[in-house]
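Accompanying notes for the structure given below.
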Amino acid sequence: MSTITPPYAATDWRALGCAVRLAVTDPAALGEARQFLAEWLALVDAACSRFRDDSEIAALDHSAGRETPISPVLAEAVAAALRGAELSGGDVDPTVGSALAGLGYDRDFDLVQHDGSPVKLVVRPVPGWRRIAFDAERQTLAVPPGIRLDLGATAKAWAADRAAADLAARFGCGVLVGLGGDLAVAGAAPADGWTIRVQDITDDPGADPDPDADTDADPEFISILIRDGGLATSGTAARRWTRGARTLHHIINPHTGLSARTPWRTVSVTAATCLDANIASTAAIVRGTRAPAWLAECGLDARLLAEDGTVCTVGRWPAAPGSTGFSYTIGPREESSWTLR
């Protein structure tokens, strides 16, 4: 979970099942910017939610593999998901929908039974993203029968990137958009950069950190400064539930079809876009002990918090908890900030 600190004009609400935070450097633009963002998130939800019977992605369950025209919003979201699969070597895969439903995450997380009866856990790889037939130019999609898409691993990060860029262009000011653990900035940053507080969240996945917490003594807290690009935090602590004696979480290892077995409680990554940061942070959870070396090879800055409280940092990420002043300047927003190695 990431939050900003004053003196920026900001507003908060909930959408897409998570906390939404919007901040702008021009206070006069805040009201109109909020309406713009709310309308955009409503479009994203209508296109991508697997929990709405009337969503565009839910309708694909009835297309039986036929090539189907899709909206520009869903087309962009699918492209983002397939980018995540390609860059991560399949560790972030949009065909995990049935696996998630089978583990009990088949509705909005607020409605999931957190302590349910046992389920039979069977190691079964997910169908795989290469079975999805997507034509970006024609905006068509064909999903084979039996495959249910879940775009949750990438959709919010892509939506944050798109919103921040559009708002910055529309209002000519610096913009920060945070959707749960996914945060994107665009436009001219404040003089000292955006101050971002990164903290492990252990209860409500949309909750804000405790403002009265002793952050200087908290090993799970740190502040950084960013001027461009995005930051994403993926973790196993917030969206967690039990079935019998087994604790499950929402990050699926596509190679097993089960909740990823990982030493990491949270992984935070910065990149040229929030989407790329999210792809890397989610893949790091799946890759487990191999993640730090992989992130370093990709040239990314990251912080990995283990279940036992041990913190591992990669690249320029500051090691000292509770510190400020880590000035992270990404530079020009590139299409890709890293490639699979």
Checklist entry - Using a ≥ b ≥ c from the Cα gyration tensor of the stretch 132-174 (square roots of the eigenvalues), is it rounded, prolate or oblate, where a/c under 1.5 gives rounded and otherwise the larger of a/b and b/c decides, a/b for prolate? => result oblate
Checklist outcome for this item: Taking Ile224, Ile70, Ile279 and counting other beta carbon atoms within 10 angstrom, the fewest-first order is Ile70, Ile224, Ile279
Item to check | Stretch gain in nm, segment Arg290-Arg261, where the contour uses 0.36 nm per residue and the Cα spacing is subtracted | outcome: 9.2 nm
Next on the checklist: Please report the spacing between the Cα centers of the stretch 10-40 and the stretch 142-157 in Å, no decimals.
Outcome noted: 26 Å
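Each value in this text was obtained by applying a stated rule to the coordinates, not by laboratory testing. These numbers were taken from a predicted model, which means no experiment stands behind them. Neighbour counts run over all protein chains shown; Cβ positions are idealised from the backbone, glycine included.
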